[in-house]
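Have a look at the structure below before the remarks.
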Amino acid sequence: MRTRPIPATFTTHIMEKPIALALHGGCGTILRQNLSASEEAAYEAALSEALEAGWRHLEGGASALIAVEATVRALEDCPLFNAGRGSVFTAAGIHEMDAAIMEGLHRRAGAVAGVRQVRNPISLARTVMEHSGFVLLCGEGAETFAREQGIPFEEADYFATEARWRQLVAARGKAAVVMDHDPAEVKFGTVGAVALDQEGNLAAATSTGGLTNKRYGRIGDSPIIGSGTYADNRSCAVSCTGYGEEFIRSTVARDVAARMELLGESLDIAAAHVIHERLLEVNGSGGLIAVDGAGNITLPFNTEGMYRAWRSNKDNSHGVAIFS
Ligand code: ASP
């Protein structure tokens, strides 16, 4: 008996394994009227480039871990965002950065808090995961470990931008500690990425300069596993952005995963519940990006906007967006 050839498009469809990648560049009071057309174009270009940097890895068969690190590095290197180069200033007029990375197969994680002058905190977080025997290192100890591991440092000037300095001056004037995109005229953000690779493994990464004018060695949610960053193959990978204090108190990232794992909720339902209900109970403002093992992506936020980009070959979705 002769068999009919399978149409090429169908063959491609059944052979393709789902891969997915999403990123954020922070959330907050991001209104169209406060962003010029050229600024909007610059953000969209930066978000697209970072997405492309990670997607190339996933398409080539690399791990989700490699893809999220590459995506976040691209955003850390871009002065538009509050991570790596372009991080906000602390009250002392310096940069103290936090970052975390996690993979979902073995739930290995690495994080750094309050590190200074490390060019790419996300790569230091990955090195902590792979070579320190610990999960979270902070301050001088983390920097000593970074030097031992040959992690690149930069001069303080590398991280500084005029816009960030203006933000600090404004925050000092109001004696406020400010999420970077909060005042209407400010438009920068913490960064993060989540990915699903061809092996079905998930990973998440988050990197930030934290809050403008922060003091006393304040650490946000980004490097806290289960709060700002989490990945578990049984449920999802999550990276958050928003006021860190409420995200820590609400264990946001783990809560999304736990709802899926324990209540059987879908990614969309679990994430929406945490951002639009649980977080609001403690006046938490912010958003998250998350991906599950089937290649579904969700990007909920309860602020006016969130810098974001995503791509999944599950449903061929692909986009870049800023406003709600
Ligand atoms: N979550 C970050 C922090 O509290 C801030 C942000 O998302 O922009 O450090």
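Just so you know, all these numbers are worked out from the coordinates, no wet-lab data involved. Since we're looking at a predicted model, the values are computed, not measured. Please note: Cβ atoms are built from the backbone with ideal geometry, for glycine as well, and neighbour counts cover all protein chains shown.
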Report task. Quick one: what are the phi-derived ³J(HN,Hα) couplings along the range 65-79, Karplus 6.51/-1.76/1.60 with θ = phi - 60°, whole Hz, x for glycine and proline? Result -> 4, 5, 5, 6, 5, 4, 5, 5, 4, 4, 6, 5, 7, 8, x
**Report entry** Among Leu137, Leu196, Leu262, residue whose mean-square fluctuation peaks in a GNM of the chain (springs only between Cα atoms under 10 Å)
**Finding:** Leu262
Requested in this report: Only helical DSSP H runs with n ≥ 4 go in: add -39500 (n - 2.57) per run for the chain, normalise by residue count and round the 222 nm mean residue ellipticity to 500 deg cm²/dmol.
Outcome: -10000 deg cm²/dmol
Requested in this report: List the longest stretch of the chain that has no exposed loop site; here a site is one of the trypsin sites (Lys or Arg not before Pro) assigned by DSSP to anything other than H, G, I, E or B, with at most 11 other Cβ within 10 Å.
Outcome: 3-173
**Report entry** Most mobile listed residue (Ile297, Ile19, Ile66) in the chain, GNM with C-alpha springs under 10 Å
**Finding:** Ile66
Report task. Would you look at the GNM of the chain, springs on alpha carbons closer than 10 Å, and say which of Met260, Met306, Met97 moves the most? Result -> Met260
Query raised in the report: Are there GluC sites (Glu not before Pro) in the range 194-265 that DSSP puts in a loop and that have at most 14 other Cβ atoms within 10 Å, and which ones?
Result: Glu199
Requested in this report: Work out from phi, with θ = phi - 60° and the Karplus expression 6.51 cos²θ - 1.76 cosθ + 1.60, the ³J(HN,Hα) of each residue of the range 219-231, listed in order in whole Hz, and give x for Gly and Pro.
Outcome: 10, x, 7, 3, x, 8, 5, x, 9, x, 8, 6, 8
Report summary line: To the nearest 0.05, the calculated FRET efficiency linking Glu39 and Thr144 through their beta-carbon distance, R0 being 41 Å, is 0.60
**Report entry** Point-to-point label distance, Arg249-Glu52, nm (Cα→Cβ direction, 7 Å offset)
**Finding:** 4.3
Query raised in the report: Looking at the square roots a ≥ b ≥ c of the eigenvalues of the Cα gyration tensor of the range 30-90, which shape do they give, rounded for a/c under 1.5, prolate if a/b is larger than b/c, or oblate?
Result: oblate
Report summary line: With a Förster distance of 51 angstrom and the Cβ-Cβ distance between Asn316 and Arg215, calculated FRET efficiency to the nearest 0.05 equals 0.65
Report summary line: Given Cβ charges of +1 for Lys and Arg and -1 for Asp and Glu, the option among Pro18, Ala53, Leu168 whose Cα lies farthest towards the positive end of the dipole of the chain is Pro18
Query raised in the report: Quick one: in the range 84-202, what % of C-alpha pairs are over 20 Å apart?
Result: 49
Query raised in the report: What does the convex hull of the Cα atoms come to per residue for the range 205-323, in Å³?
Result: 104
Query raised in the report: Roughly what % of Cα-Cα distances in the chain sit above 34 Å, to the whole percent?
Result: 17
Requested in this report: Please report how far the C-alpha centroid of the range 11-80 lies from that of the range 231-271, rounded to the nearest whole angstrom.
Outcome: 20
